[in-house]
Amino acid sequence: MHIPRHRHRILLLTIFVLAGTGVLLSRLHDYQITNRESYIDKLPQPYEVTVREPGVRGIILDRSGKTLASNKRNYEVSLNLQEIYKAYIDDKNTLYIDKGEKFRDINKIINIYLRPRLEQFDLDRPEENIPGLSAHYNTHRGLIPFIFRNDLSYDEFASAAEHNVSLPGVYIGVRPQRQYPYGSLASHILGYVSQWEKADIPDGFKHYIGDAKGIDGIEKTMDDFLKGTEGIQTILKNNKGKTLGVTDNKRSGSGAEVTLTLDAELQYLTETVLRHVGRASAVVLDPNTGEILAMASTPDYNPNDYIPKIHPDVLKAYIQNKAQPFNNAAIRNFTPGSTFKLPTAIAACMHGKATFSHNCIGYIKYGKLKCRCWKTWGHGDLALSEAIQRSCNPFFMQLASVIGADNLVEAFGKLGFGKRTGVRLPGESSGIVPGSRAWMRSNRGNRLTPAISGMTTIGQADSECSPLQMASLVASIANRGHLYTPRIIKSVKHPLKNIAFPNRPHLKLNLLREGVNIEDLEKIRHGMWLAANKTGGTAGRAALADIEIGAKTGTAQTSDAGLKTNVSWTVAFAPYDSPLYVVAVAVRRGTSGGKVAGPLVNLILQGAFARKNGLKLPLKKMVPAIGNFDIIDEIKIPKKNALDVLFAPPVKEEERTEENSIIVVNPEPEEETPTDE
């Protein structure tokens, strides 16, 4: 049968359509039924990103609740550079790409691809180049976010949130940032924090923000308590890197609230007083509990400089400062000088030698070695109280022989010398007691001679101790026999764990159970009273006009940066009958304990008791003290309104008088100034 040509064509077309439909149906069956799962797996799928967020670091308070370390809300833009890189490479829209070229350099990608988009939301930054971007990408890829901006105002942050900025790899968030509201105040006690490092990152995170770490001070020793609980977010993103939603969100939590024994106003007072000298330290203790009320060292630093990261020029300036601004001198070694006559006196009481007397003729001999008294013509006959008052060297050197070298070393050890006090601060020195096991180990081949024992009693030879050790010892004399472990932590409160430190004194040693009777201890206390309040005493410049104190000075011969010089000391307690405060001050390159350290103790005690009588002590933000290497011969303080002068603005040099300023007298380096002991 003949089929017309046009019908033949229609027939062939119909056959092709039916065949094609069959193939199409077959392929659809393959796609949708037979191999559906395998094809779905090949389609771009949403994916989850696990984001780790740091906890909120706990705050640090002084004893009355004043905030010494806190956190501010930091609004920031962070970038996941790997997500941005992938989105850029995959993006077929060349609107933001110069001539359609696909750059591989992350800086160009950020500048050409991302920043114009950020500018639309007022989130860009003004700098043309972004420091550290390439290094960060090459090191961390997308694991650690790059902080693009951390200076957003709240309005900028709120606007970005309102407009739902959803750019691949761009995160708008709030992060707590440490701050120290009083600047350098108590910097050696508080310490500082530093950013976390890549080595801190555990497995399992695609986007990690770590916790700041305590590097020094309380921030370091209490780091485990201060760290907050981590937060973890699981974010769902599409194949373009845009956020689809949050599938899981464990909120971060706060760390413990740490309350210190410090009194912020007394701390400010003490630091202000110390700034009249170049390098010094002071400790103020409550003798009835061992609580540290103030602890200061000059020079110092500003822990805010480390937030979020210290500038290289600032760090260089700190490191190149030979006065060592990071050194907490209050817990480091000084040559103690005549302040060591106090533990020697206690050692004598422990071993029944409190009635010892000596006729000082101006020197004592050990074979051919003649050791002179500071009063070269001698003090004459002295008992224990008068020997403390006049700080007679031969008396105590002879007393060493009477006590016995082994008994002397043992007593010093019981009193805490040659050992760390255990205060919760890093870097504490143990001090040195000649004849102790530690001294023997480091001086192999040497032996403890009578001369070395004698020099130990006056704080010379290899003797060393910290102002904190000496303050603790003086507190045991002030409170009539109780040697407490010094404390800097008053309480620790955690919002979830309910951690609380015991807020009670820790008695290290009861002198009255070690052979010291109360009558003999009163001889030591009376000697310190004589030193401050009677003619012939070495500590008269520490004395107060209307409150009786007990005190002891020390002038230790030493070398400092190659120069033969002194460390000047004064330790004191007040009021004499019912002590509330113990103060220990040590000054490098002070030529006289009585003339240099004594007036500083006087100012600290004046301020402490003035506040007891209703005066409001100032408390302000402080800038770091740089320190210096000046030799100080004497400090003169005005007889009236000393505290007004202390806290007043600096007086012009041409207007300076003894009535309107605190005067520091610096002798020429080559001059020799007689010491007071």
Index of the failed condition, residue 587 passing every other in (1) assigned to a loop (DSSP other than H, G, I, E, B); (2) in contact with a Phe, Trp or Tyr (Cβ under 9 Å, 6 or more places away or on another chain): (1)
Selection from the range 611-647 of residues that are free of Cβ contacts under 8 Å to residues at least 12 places away in the same chain and either open to solvent by less than 100 Å² (accessible area, probe 1.4 Å) or aromatic (Phe, Trp, Tyr) (or both): 614
Of all residues in the range 335-365 being part of a loop (DSSP other than H, G, I, E, B), in contact with an Asp or Glu (Cβ under 8 Å, 6 or more places away or on another chain) and farther than 17 Å from residue 572 by Cβ, the one that is most open to solvent (accessible area, probe 1.4 Å): 357
Residues that are open to solvent by 60 Å² or more (accessible area, probe 1.4 Å), touching a residue at least 12 places away in the same chain (Cβ under 8 Å) and either of a type in the set (D, E, K, R) or farther than 23 Å from residue 293 by Cα (or both), drawn from the range 505-516: 508, 512
Matching entry among 227, 198 (being at pLDDT below 90 and over 23 Å from residue 623 (Cα atoms)): 198
The range 202-216 - residue that is touching a strand residue (DSSP E or B) at 6+ places or on another chain (Cβ under 6 Å) and open to solvent by less than 30 Å² (accessible area, probe 1.4 Å) and, of those, modelled with the lowest pLDDT: 207
Residue 608 among the aliphatic types (A, V, I, L, M), touching a residue at least 60 places away in the same chain (Cβ under 8 Å) and in contact with a Lys or Arg (Cβ under 8 Å, 6 or more places away or on another chain): no
Check on residue 378, farther than 18 Å from residue 523 by Cα, touching a Cys at 6+ places or on another chain (Cβ under 9 Å) and open to solvent by less than 50 Å² (accessible area, probe 1.4 Å): yes
The range 529-574 - residue that is open to solvent by less than 20 Å² (accessible area, probe 1.4 Å) and polar (S, T, N, Q) and, of those, farthest from residue 585 (Cα to Cα): 565
Residue match in the range 336-343 (condition: within 16 Å of residue 584 (Cβ to Cβ), in contact with a Cys (Cβ under 7 Å, 6 or more places away or on another chain) and at pLDDT 95 or above): yes
Residue in the range 654-676 that is at pLDDT below 95, of a type in the set (S, T, N, Q), within 28 Å of residue 377 (Cα to Cα) and surrounded by 22 or more Cβ atoms within 10 Å (Cβ to Cβ) present: yes
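The values are calculated or read from the model by the stated rules, or taken from the named source; none is laboratory data. Fair warning: this is a prediction, and the values are worked out from it, not measured in the lab. All Cβ positions, glycine included, derive from the backbone under ideal geometry; neighbour counts span all protein chains shown. Note: accessible area is taken over every heavy atom of the protein model, side chains too, but ligands, DNA and RNA are not part of it. Shrake-Rupley method; radii C 1.70, N 1.55, O 1.52, S 1.80 Å.
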